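Each remark here refers to the structure printed beneath this line.
The values are calculated or read from the model by the stated rules, or taken from the named source; none is laboratory data. All figures in this text were calculated on a predicted structure; none of them were measured in a lab. Cβ: placed from backbone, ideal geometry, glycine included. Neighbour counts: every protein chain shown.
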Amino acid sequence: MKELKDQVVVVTGGSRGIGRSIAEKFAVYGAKVVIGSRTISEVDNTVAHIRENGGLAEGYALDVGERVSCSEFVKQVYSKYNRIHVLVNCAGINSRFPAEDYPEDKWESILNINLTGTYRMCQEVGRQMILHGNGSIVNITSMMSHITAPYQGAYAASKGALLQYTKVLAVEWAKHNIRVNAVSPGYIQTSLSANVMKLPEYSNNLLKKTPQGRFGKPEEVAEAVCFLASSAASFITGVALPVDGGFLAGHPHIIPAE
Ligand SMILES: NC(=O)c1ccc[n+]([C@@H]2O[C@H](COP(=O)([O-])OP(=O)(O)OC[C@H]3O[C@@H](n4cnc5c(N)ncnc54)[C@H](OP(=O)(O)O)[C@@H]3O)[C@@H](O)[C@H]2O)c1
């Protein structure tokens, strides 16, 4: 990943979980990483950790749910570096409720952060990438962009739409030399998924359905993001790469061999 050295890489939701691993991995490859999320103490903590390990990192408060926050954040990055080469949209939330009772405020905030937040950041950063004549964007989608599950109405709607939006941007901005791809993580161990994974009746079932028989690690998602962001993927745009231990390919343990 030599080509990532000195690239300015923005990671939304870069303060913890998958986003933090993505930020750390880009820093290991020599990128200048800028992270943003709402909890500034976590942003500062991650920035300090990357710097302690010899990486270059900055961090600012960011709420992708608010247009003003997105434009202020991008202004701060430009005043520091005057460029953004790579944008990774990782900020995301989830809540599960039965469809008939799905609370409208939860629905709106999930759509606002997961989908509209990515739209805002792509616009704010994409305009500058168009002026510079190149760039690479990676959106963090989900298996719920491809398949569904009960109680995931808002999340699956947001992530399904995000995959379609990723493809639209890829097609529309190819002429500006901007590639736009997605990474669809499977079940990855983070605080977002912890409440499901700690319950054996659910986690054992999920593990049985995962061909590789284990949950993924945030750093395994990060490697895929770095690949798609880098010029190693120079002829790849508009794809969603699953990092899911084979879950989307099919489930083992269903019908035995004859
Ligand atoms: N874990 C999984 O199994 C899994 C599977 C598929 C897809 N994903 C996706 O991967 C992404 C990261 O998930 P994760 O598991 O790492 O979750 P996480 O540990 O809860 O981290 C979420 C990150 O997003 C930030 N964030 C949330 N709302 C934000 C907002 N309005 N503005 C800016 N930042 C915001 C959080 O910081 P603040 O709360 O401080 O803002 C945090 O940094 C999400 O898009 C999620 O949908 C996760």
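Okay, here's what the table says:
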quantity	calculated
Asp63 assigned to a loop (DSSP other than H, G, I, E, B), under 19 Å from the mean Cα position of the chain (by Cα) and among the charged types (D, E, K, R)	yes
Restricting segment 78-108 to residues that are more than 17 Å from the chain's Cα centre (by Cα) and within 14 Å of the ligand (Cβ to nearest atom), the residue that is surrounded by the fewest Cβ atoms within 10 Å (Cβ to Cβ)	Glu108
Index of the failed condition, Val196 passing every other in (1) more than 30 Å from Leu4 (Cα to Cα); (2) among the aliphatic types (A, V, I, L, M); (3) at pLDDT 95 or above	(3)
Tally, over segment 5-35, of residues that are under 20 Å from Cys122 (Cα atoms), more than 6 Å from the ligand (Cβ to nearest atom) and not in a loop (DSSP other than H, G, I, E, B)	12
Criterion: touching an Asp or Glu at 6+ places or on another chain (Cβ under 8 Å) and either without any contact (Cβ under 8 Å) to a residue 40 or more places away in the chain or under 19 Å from Val11 (Cα atoms) (or both) - qualifying residue of Ser193, Ser230	Ser230
Matching option when the condition is touching a residue at least 40 places away in the same chain (Cβ under 8 Å) and farther than 21 Å from Val138 by Cβ, among Arg20, Arg67, Arg83	Arg67
Condition broken by Ser203, with the remaining ones in (1) among the small types (Gly, Ala, Ser); (2) assigned to a loop (DSSP other than H, G, I, E, B); (3) more than 20 Å from the chain's Cα centre (by Cα) satisfied	(2)
Qualifying residue in segment 37-45 (condition: within 14 Å of the ligand (Cβ to nearest atom), in a helix (DSSP H, G or I), among the β-branched types (Val, Ile, Thr) and touching a Ser or Thr at 6+ places or on another chain (Cβ under 6 Å))	yes
